[in-house]
Amino acid sequence: MTTIQHPVHPSVDDPSHALHAESDEEFRLRLRAFLTSGGPGPRPRDPRERVAWTKAWHRNLYDAGYAGPSFPQEVGGMDLPFGRQVIYQEEIARAKVPGALGTGLGIVAPTIIRYGTEVQKQTWVRAMLRHDEVWCQGYSEPGAGSDLPSLRTTARREGSGEDEVYVVNGQKVWTSSGILADTLFCLVRTGSQESRQKGITYLIIDAKAPGVTIRPLKDLNGGTIFAEVFLDDVRVPVANRIGEENSGWALVRTSLGHERAAGSMNQAARYRRVLDELIQLAQERGLTSDPLIRDQLADFDIRVRLMRFNAERIIAGILERGEPGPTSSVSRLMLTTFEQELHEFAVDMLGPDGLVTKASDAAVQRARWLSGFLTSRAATIGAGTAEIQRNTIAEQVLRLPHDPAMPPR
Amino acid sequence: MSGQAEELQELREVTRRFLADKASISDTRRVVESGRSCDEAVWKQMAEQIGLQGIAVPEQFGGAGMGPVELGVVCEELGRTLYAGPFFATVVMAAQALVAADDVEAAERWLPGIVEGALTGTLAVADLTGEIDPEKVLTTAEPDGEGGWRLTGSKRFVVDGCSADLILAAALVEGEVGLFGIDGDAAGLTREPLAQLDPTRALAVLTFEATPAQRVATDAAAVLGRVRDLVSAHLAAEQAGGAAAALEMAVEYAKVREQFGRPIGSFQAIKHMCADRLLDVESARNAASAAAALLADHDPEASLTASAAAAWAGPAFTRVAKDNIQIHGGIGFTWEHDAHYFLKRAKSSEVLFGSPAHHRARVADLAGI
Ligand SMILES: Cc1cc2nc3c(=O)[nH]c(=O)nc-3n(C[C@H](O)[C@H](O)[C@H](O)COP(=O)(O)OP(=O)(O)OC[C@H]3O[C@@H](n4cnc5c(N)ncnc54)[C@H](O)[C@@H]3O)c2cc1C
């Protein structure tokens, strides 16, 4: 983890100045010009080189003042109004530039911006934005997934004054991009086990610190999407705590404005592209003359359109009323089911050819549909399972009563 | 909120208030159980007090000059109470056919009456299936020698066919489809009610035997194409409204009904059904309003979107209506409870103007799949 340093200032073309003077369309074109002329160049095939290439691109983006569309300018972000964030996301998707590494920007950065000290904001958020560090999420544990408040990784205070530390012991698991981690943002237990969410603290842990062991986990598709993390007497400075001791749980669901909603059109656009490619494949193989296949493809086509309308409704809600409305709570259910069903359909549609893996030259389109079929299993597990999500929709949107057999929220 | 969003919200509220007062689901029930298909007094008041019949009729014919977006909102609200009356047939089907046609004389003859609530209408296209499909017209028309026409044939599944004052019917003239206006009490017209699933929407079989008719001078195929899309989009709006109301019923019941010492809404099986149905409702509503907006702009994607909305909203409403009954348990299976009206409306409107599979095929055609 980097030590505290002077904040880096975006060097050229500070968007804040231009913001008021230029029109939305001018903003779009300026961004597009940057993304095309200053683009990252061809994608390396070697995974290691690809990581370096991705980091270089994000550093470039940050230095030019084009990182963190929803983040405040004080921490190196662009602080764009929502309408511009939508444009930003559209252009990023259009340019097909590599996405961020790690999971910090979407999850912990908003928490730090909202609850962190000035030093934390300046150091950590900038480091994440500039990809000087890759941040990964250490919430889940072998015994605590959906029931996160039951987590057992402990943090015990030791020493005093400047030297006061938390000594952390436990295990985290399913840490996405864990093998790339420079920094882990973790939930740890500082209260009693029975205190559940009232005894949880938010800690930032240097992934290179003594006592931290990160081991890749092989996922069902043969890759290493996630890792497991062992924490043995890891000494973490108290200054690395976000918020107060035992009040970490309240920080967990911080989001920053509606950044996710700003990208919802892109999700729809991305599935549009994927579906178009599948339709083309079906046509090339003469399969669309089969009325059942055609019916299914039309059904997917309709659902992709609905995703776009849902996204439009969410965005219009934010622009008109400042809140995204109930559509935003259900749209993820739509996306995840779609992703799973589409890929499975593709495999079925291809018949035995669909079973050939990318290790063989005979694979159809490098087996993308087959990998999609496997990988999309995670769509209804990671970031909260579909079941938990339905519980949340039922209780928080429809206001159905909490299950009394469950611990209080 | 933008000006348009505010106006739509106001239209929604005015409509909802009127319906709560005069045409709630209990009123629907009252009308239907008394063996009628409409409360004429309420129909009149709807025109006189809030002008819903004329909302999407041009000002030159007495209407408010708005379009599909506003009409969609009204249909959604009417769908919430399963409004039993000639709105869909008169205002969406017949009036929109006259608005789309470029026969000013015909428009002047009939539209002002519709706007005032004095005239009801319907539209009959496919002879056998009730679809608005100019390719499926078998009825024929011949000139009567005095400037009028005579129709011969029959139409099934005509919405409000027994009560409509004006029947707009498609008929073939030397193999080309034309559009004709027929008085409800014309000679040679037989109208028989069709016993069918949905008591809140009357259907009829019409038989024409050299029935006198006036021709609507227009490109009938183009007009019917437009009306087909409007019907798909507005029916989807109506379905979204019905689905939203049925889901609200289910959720409200789940909060108060207790079993095993706790509200059934605290059981996850119930919660998950409701959450999934919320996805159905929200997506149906958003699709219907997207289709209406594209139709208002005569956007090239409008037809496809209208069919997409129809293909989604029909099954979505049916799913919600079924789960509503399931969540209510035994009481949901009783005649006394309103839940069955929603199921009947849902299933009937899902298939009435073309099945979901039909709409998917249309999407496939239009999207080039
Ligand atoms: C690809 C991937 C990446 C991930 N990345 C990260 C990461 O970076 N950092 C991190 O901290 N975690 C990560 N996770 C973990 C993820 O958040 C958990 O897997 C998830 O929360 C579920 O927890 P679990 O695996 O322990 O399953 P469990 O909670 O044991 O769930 C098992 C099954 O029981 C169901 N279930 C559990 N409780 C209930 C309930 N109350 N009602 C109904 N059903 C219930 C679940 O829905 C599921 O079907 C990742 C997971 C995956 C698959």
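Annotations
- Spin-label zone in segment B:62-78 - amide nitrogen under 16 Å from a point set 7 Å from the Cα of B:E248 along the C-beta vector: B:73-78
- You can think of it this way: the chain between B:A221 and B:F333 has 35.9 nm of extra reach, that is 0.36 nm per residue less the Cα-Cα gap.
- B:A246 sits among other residues whose Cβ lies under 15 Å from its own Cβ, and their net charge, with Lys and Arg +1 and Asp and Glu -1, is -3.
- Oblate is the label for segment B:3-116, because a/c, from the alpha-carbon gyration tensor with a ≥ b ≥ c as root eigenvalues, is 1.5 or above and a/b does not exceed b/c.
- Model label sites at B:V205 and A:I388, defined 7 Å from Cα along the beta-carbon direction, differ in position by 5.9 nm.
- Counted by Cβ distance under 14 Å from A:P44, the other residues give a net charge of +3, where Lys and Arg count +1 and Asp and Glu count -1.
- Given B:K44/B:K344; B:K22/B:K271; A:K208/A:K358; B:K271/B:K322; B:K22/B:K155, the pairs whose alpha carbons are separated by over 24 Å: B:K44/B:K344; B:K22/B:K271; A:K208/A:K358; B:K22/B:K155
- Range of Cα positions in the protein assembly as shown per principal axis (Å), largest first: 104, 62, 58
- Cβ-Cβ FRET estimate between B:R17 and A:S23, R0 fixed at 60 Å, reported to 0.05: 0.90
- Value of [θ]222 nm, deg cm²/dmol, for chain B, DSSP H segments ≥ 4, -39500 (n - 2.57) each, nearest 500: -17000 deg cm²/dmol
- Distance between segment B:299-345 and segment B:36-85 - C-alpha centres, whole angstrom: 22
- On the basis of the beta-carbon distance and an R0 of 22 Å, B:D365 and A:D348 show a calculated FRET efficiency of 0.40.
- Computed over segment A:117-166, Cα set: Rg, Dmax in Å: 15.2, 37
- The reciprocal of the average 1/r between distinct C-alpha atoms defines the Kirkwood hydrodynamic radius, which for segment A:11-100 equals 13.6 Å.
- When the Gaussian network model of chain A links Cα atoms closer than 10 Å, the mean-square fluctuations of A:D46, A:D63, A:D233 top out at A:D46.
- Taken over chain B, the ratio of Cα radius of gyration to 2.2 N^0.38 Å equals 0.98.
- Anisotropy class of segment A:135-246 from Cα gyration tensor, a/c 1.5 cut: oblate
- Panel values: segment A:267-409, Kirkwood radius from alpha carbon pairs, Stokes-Einstein at 37 °C and 0.692 mPa s, translational diffusion coefficient 191 µm²/s.
- Overall form of segment A:271-311 per C-alpha gyration tensor (a/c, 1.5; a/b vs b/c): oblate
- When the convex hull of its Cα atoms is projected in every direction, mean area for segment A:59-166 (nm²): 9.2
- Virtual paramagnetic centre 7 Å along Cα→Cβ of A:R45, amide N under 16 Å, in segment A:215-245: none
- Mean projection area, nm², convex hull over Cα of chain A: 22.2
- Modelled spin-label separation between B:I50 and A:S255, with each label point placed 7 Å from Cα along the Cα-to-Cβ direction: 3.3 nm.
- 0 to 90° range, to nearest 10: angle between helix A:82-95 axis and chain A longest Cα axis: 60
- Segment B:214-261, Rg to Rh (Cα coordinates; Rh as Kirkwood inverse mean 1/r): 1.46
- Of all aspartates and glutamates in the structure, the ones whose alpha carbon falls short of 19 Å from that of A:K121, not counting any fewer than 8 places away in one chain, are A:D63, A:E74, A:D79, A:D132, A:E133, A:D182, A:D206, A:E244, A:E245, A:E259.
- Rg to Rh quotient for segment B:23-80, alpha carbon positions, Kirkwood Rh: 1.04
- Between A:H258, A:H131, A:H58, the GNM of chain A built on Cα springs shorter than 10 angstrom shows A:H258 fluctuating the most.
- The loop-placed chymotrypsin sites (Phe, Trp or Tyr not before Pro) in segment B:222-307, going by DSSP, that have at most 12 neighbouring Cβ atoms within 10 Å of their Cβ come out as B:F260.
- Share antiparallel - DSSP beta bridges, chain B, percent rounded to 5: 85
- The alpha carbon convex hull volume per residue for segment B:222-367 rounds to 100 Å³.
- Within the same chain, lysines fewer than 8 places from A:K96 are excluded, and of the rest, those with a Cα less than 17 Å from its Cα are A:K55.
- Point-to-point label distance, A:A33-A:T224, nm (Cα→Cβ direction, 7 Å offset): 4.3
- Intensity falloff of segment A:211-255 expressed as log10 I(q)/I(0), Debye formula with alpha-carbon point scatterers, at q = 0.14, 0.23, 0.30 Å⁻¹: -0.60, -0.88, -0.97
- With the convex hull drawn over the C-alpha atoms of segment A:357-398, the volume per residue is 67 Å³.
Values in this text are rule-based calculations from the coordinates and carry no lab data. All values reported here derive from a predicted model rather than from experimental measurement. Here Cβ is always computed from backbone atoms with ideal geometry, including for glycine, and neighbour counts include all displayed protein chains.
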